[in-house]
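Input: a single structure, listed below in structure tokens.
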Amino acid sequence: MSWEIAEKLRARFPEVELFPRPGEGEHHEAPPSPPTPPAPPAPPAPKRPAHEAPPAFLTPGVVVPRERLLEICGVLATDAEFGLRYLSFVSAIDRPEAGQLEVLYHLYSFETKDELALKVRVSREHPSVPSVTSVWDGANWHERETYDLFGIVFDGHPNLRRIMMTDDWIGHPLRKDYVYQDPPWLVEAARQRQRDIEGLGLGERA
Amino acid sequence: MSVQPAETDGKKGLVEQAWQAAVGLVVGLKSTLRTMFEPKATVIYPLEKINVSNRWHGLLALPIDPETDNDKCIICFQCERVCPDRCIHIEATGKGKDRVLTRFDIEMDKCCYCGLCVEVCPTEAIVFVPHYEASTYNRANLLYDLDDLHRAAPKEPIATGVVKVRRQVGGTR
Amino acid sequence: MALRTEELILNMGPQHPSTHGVLRLIVTLDGENIVDAQPDIGYLHSSVEKMMEARTYLQNIALVDRGMDYLTAMSNEEVWVLAVERLAKIEVPERAKSIRTIMLELQRISSHLIWWGTFGIDLGAFTAFLWAMRERERIMDLFEASTGGRLHHVYFRIGGVNEDLPEGWTDRVAEFCDYFLARLPEYDDLITGNPIFQARTKGVGVLPLSTAIAMGASGPVARASGLSYDVRKAHPYEVYDRVSFDIPVRTAGDCFARYEVRMEEMRQSVRIIRQCLEHLPAGEIRSKVQVALKVPKGEVYARTESPRGDLGIYLVGDGSDKPYRVKIRAPAFSNLYALTEMMKGWKVADVIAILGSIDIVLSDVDR
């Protein structure tokens, strides 16, 4: 759980953006104060419930611009400095209020036991990112799954088809605005069951 | 790129291979023969029944409290709220002390037997009973209302230990 | 003039008796040789990740139990509560940690037993399945006594476990450990040492180490290819940093190596359980956590070693009592992808041996 690897990546590619570090949101403004006589104790800040605190990112990670993704991934996977040879998964997070989808990659190194989350922000309307199957072969199915469930197009993917849903499925289920509608036969089955229950009457049930 | 399958034990003669296979077979058969004389691991289910533990997630019930001659439900709706499958439906009328339960339905076909309702209940009004024979031919029979839930609360488990059930006329059916 | 041959496409499944669950394999054959094998998955897809967004953190324990890998309910619960505890910074009492470890290892044995039995059936040995079920039944009884459920337990809670162990349970576990270790040599007599079994698995379905890593394989599949990596050692959770155990590693990468790794893992699990029983601390089993727990905003990735490999959950909390997004990193999903590479070049008769050796559960693949 070390952020060093994320720092190293930023040193090499200054355009990447680190996830906010835990607690950074609160102490970011405070400059290193010179040693002063102890000030009178400040009135204690109103205690806020934990769930209202600024977001905490407990997994080290960076946000990568879409154009540089392939290049950065190639460096991360092959360069001995990083050695992130293992791709745990590819997925996405839907942020409808920002009009964005965050494509999420999780990388791991067996040698240094470092992990790194990569995020690429794309628009919700026409999301597309370059495929990383040329870097990690194992991304193949994960990208298909992400395409299936979020509708993100991975350019250069060898076989970008739906993997979980049927080929004629409409919509992408894991998007926040996706609404599932029961097929007519299922609606009818539920109605039939309701009729069955009513037909039995209250006292006759075992 | 693919590795072509090598001939397995190509150097060994056919006779030797056959002999090894025969020896392996005999060693395996010896084990199975030994197992034949061990006590049986199975029971003949409909005729014999196995005891279940007293934490068994079986049917849900609202046991009758002998002191008040009613269940202990205080109509706090906690179980209804915590149920992941939303299979508990409660309705009540009246205010204060006169508040009475008018509906307590559990759709046992939706229930996932997670036990969260039992866990959150402040008065232990809803409990699991160690009963595992609830199958029916009609799904509608699995809607348990207040009467069913009162009735489903037996004083003791349906089986204690492996018990022989009297053989019914006409075989196991 | 060469003989003109045509490729034959063979559909296995989704209801083939030897595919483990509803898996469809589209095998392209050239004569008897496999040119390509493409698994077609998704028959068990229930969109657990979507359903989890509509349930509270507590309710989701009941969902991961059955929505993910149904043979390893404890491991699923573990990875979920671990992710939530890390994000919400909830401490777990020591006794609960030990209990969880015991449960996880029992679950590992029971899951490996199912694999051992079905692998035997795949290769034509029926006795193996019956014996595996006999031993597994004892584990199920132990689970039933402590959790109330045999397959789906809903036993772990955020910040501990649901109930304390019943009286005499630890003795029963110790008894089971002795019994099980005595049984394992019989397994070796029956299957491991059998020359027919060895002929069908040794050297078959080789997965080289570099391919295994590139394709994302993990768990026993990767360890059989020589990857000495186990989350329990690399990123210890619960009490794995305080018990001593070995990670079995083979370098052959074939079906027999995967078999050996799992057989050895069962012995190591017994070792872990015995140490936990010896040092089982007394005290609290659950820290106070409210029912409608509100988890802080943030993101965390929690990983555990499930019987099938590297099982992880990427949890995004938004400050409410329901998760904003949950990504389940299923080990069987990546292992099944590696199958495409394992199959190429082997005979059609080896399909079932290779498929059985990677130990997939389709509910884990599809989620």
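The values are calculated or read from the model by the stated rules, or taken from the named source; none is laboratory data. Because the structure is a prediction, the values reported are computed rather than measured. Note that we place each Cβ from the backbone using ideal geometry, even for glycine, and neighbour counts take in every protein chain shown. All accessible areas refer to the heavy atoms of the entire protein, side chains included, with ligands and DNA or RNA removed. Shrake-Rupley method; radii C 1.70, N 1.55, O 1.52, S 1.80 Å.
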Worksheet item: Normalised by the residues of chain C, what does the relative contact order come to in percent, with Cα pairs under 8 Å and at least six apart?
Response: 27
Worksheet item: What whole number of Å gives the distance from the Cα centroid of segment C:71-131 to the Cα centroid of segment C:169-230?
Response: 15
Worksheet item: What net charge do the residues around residue C:211 carry, taking every other residue with its C-beta under 9 Å from that of residue C:211, with Lys and Arg at +1 and Asp and Glu at -1?
Response: -2
Practice prompt. Compare C:352, C:158, C:313 in a GNM of chain C, Cα atoms joined below 10 Å, and give the one with the largest fluctuation.
Written response: C:352
Practice prompt. Treating only the Cβ atoms of Lys and Arg (+1) and Asp and Glu (-1) as charged, compute the dipole magnitude of segment B:48-151 about its Cα centre; round to the nearest 20 debye.
Written response: 260
Response to the item:
For segment B:48-151 the mean separation of alpha carbon contacts under 8 Å (6+ apart) over residue count, i.e. relative contact order in percent, is 38
Worksheet, complete the sentence: Output field shielding_mean for C:292-304 (other chain Cβ, 10 Å radius) holds 6
Worksheet item: Of C:82, C:316, C:326, which is farthest along the charge dipole of the protein assembly as shown in the positive direction, counting Lys and Arg as +1 and Asp and Glu as -1 at C-beta?
Response: C:82
Worksheet item: Any idea how far apart residue B:21 and residue C:278 come out in nm if each label point goes 7 Å out from Cα toward Cβ?
Response: 4.6
Fill in: Accessible area per residue in Å² at 1.4 Å probe, computed on the protein assembly as shown
46
Discussion item. Could you identify which residue out of C:216, C:226, C:124 has the top mean-square fluctuation in a GNM of chain C using Cα springs shorter than 10 Å?
Written reply: C:124
Worksheet entry | chain C - charge dipole about Cα centre, Lys and Arg +1 at Cβ, Asp and Glu -1, debye rounded to 20 | 740
Practice prompt. Could you give the size of the charge dipole of segment A:87-126 about its Cα centre, using +1 on the Cβ of each K and R and -1 on the Cβ of each D and E, expressed in debye and rounded to the nearest 20?
Written response: 80
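Relative contact order for segment A:57-133: what percent, with Cα pairs under 8 Å and sequence separation of 6 or more? Don't skip to the answer; put the middle values down first.
On the way: 136 pairs, mean separation 26.2, N = 77.
Relative contact order for segment A:57-133 comes out at 34 percent.
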Worksheet entry | Loop-resident sites, segment B:6-92, for trypsin sites (Lys or Arg not before Pro), counting at most 13 other Cβ within 10 Å (DSSP) | B:11, B:12, B:40, B:86
Worksheet item: Quick one: which of A:182-195, A:83-96, A:117-130 comes out on top by average Cβ neighbours within 10 Å, and what's the full order, highest first?
Response: A:83-96, A:117-130, A:182-195
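Remind me, what semi-axes does the protein assembly as shown give for its equivalent ellipsoid, largest first in whole Å, using sqrt of 5 times each Cα gyration tensor eigenvalue? Each step should come with its number before you reach the end.
Working: eigenvalues 333, 304, 145 Å².
After scaling each eigenvalue by five and taking roots: 41, 39, 27 Å.
Can you pull out the chymotrypsin sites (Phe, Trp or Tyr not before Pro) in segment B:18-99 whose DSSP state is coil and whose Cβ has at most 16 other Cβ atoms within 10 Å?
Loop-located and lightly packed - B:37, B:77.
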Practice prompt. Towards the positive end of the charge dipole of segment C:8-366, with charges on Cβ (+1 Lys, Arg; -1 Asp, Glu), say which of C:154, C:15, C:102 has the farthest Cα.
Written response: C:154
Worksheet item: For segment C:133-163 and segment A:126-188, what is the separation of their C-alpha centers, rounded to whole Å?
Response: 36
Worksheet item: For the Cα atoms of chain C, what angle does the longest principal axis make with the long axis of helix C:57-67, in degrees from 0 to 90, nearest 10?
Response: 20
Practice prompt. Let me know the Rg and Dmax you get for segment C:8-366 when you use only its Cα atoms, in Å.
Written response: 20.1, 65
Fill in: Solvent-free Debye scattering, log10 I(q)/I(0), computed from the Cα coordinates of segment C:1-142 at q = 0.11, 0.12, 0.15 Å⁻¹
-0.64, -0.73, -0.97
Practice prompt. Per residue of C:182-195, count partner chain C-beta atoms within 10 Å of its C-beta, then hand back the mean as an integer.
Written response: 4
Item to complete: Taking a cut-off of 26 Å between Cα atoms, list the lysines near residue B:95, but don't count ones fewer than 8 places away on the same chain.
Response: B:72
Discussion item. What is the angle, in °, between the Cα long axis of helix C:169-187 and the longest principal axis of the Cα atoms in chain C? Nearest 10 is fine, range 0 to 90.
Written reply: 10
Item to complete: Specify the residue with the greatest mean-square fluctuation among C:319, C:168, C:253, computed from a Gaussian network of chain C linking alpha-carbon atoms under 10 Å apart.
Response: C:168
Practice prompt. Among B:75, B:131, B:52, flag the residue with its Cα farthest along the positive direction of the charge dipole of segment B:48-151, charges on Cβ as +1 for Lys/Arg and -1 for Asp/Glu.
Written response: B:75
Item to complete: For chain C, find the longest principal axis of its Cα atoms and tell me its angle to the long axis of helix C:331-343, 0 to 90°, nearest 10.
Response: 10
Worksheet item: When only DSSP loop residues count, what trypsin sites (Lys or Arg not before Pro) in segment C:261-292 have their Cβ near at most 10 other Cβ atoms within 10 Å?
Response: C:288
Worksheet, complete the sentence: Diffusion coefficient in µm²/s returned for segment B:48-151 by Stokes-Einstein, Kirkwood Rh over C-alpha pairs, 25 °C and 0.890 mPa s, is 170
Worksheet, complete the sentence: Surrounding charge for residue C:201, neighbours by C-beta under 11 angstrom, Lys/Arg +1, Asp/Glu -1, total -1
Discussion item. Let me confirm one metric for peptide C:209-218, namely the mean number of other chain beta-carbon atoms within 10 Å of its residues' beta-carbons.
Written reply: 5
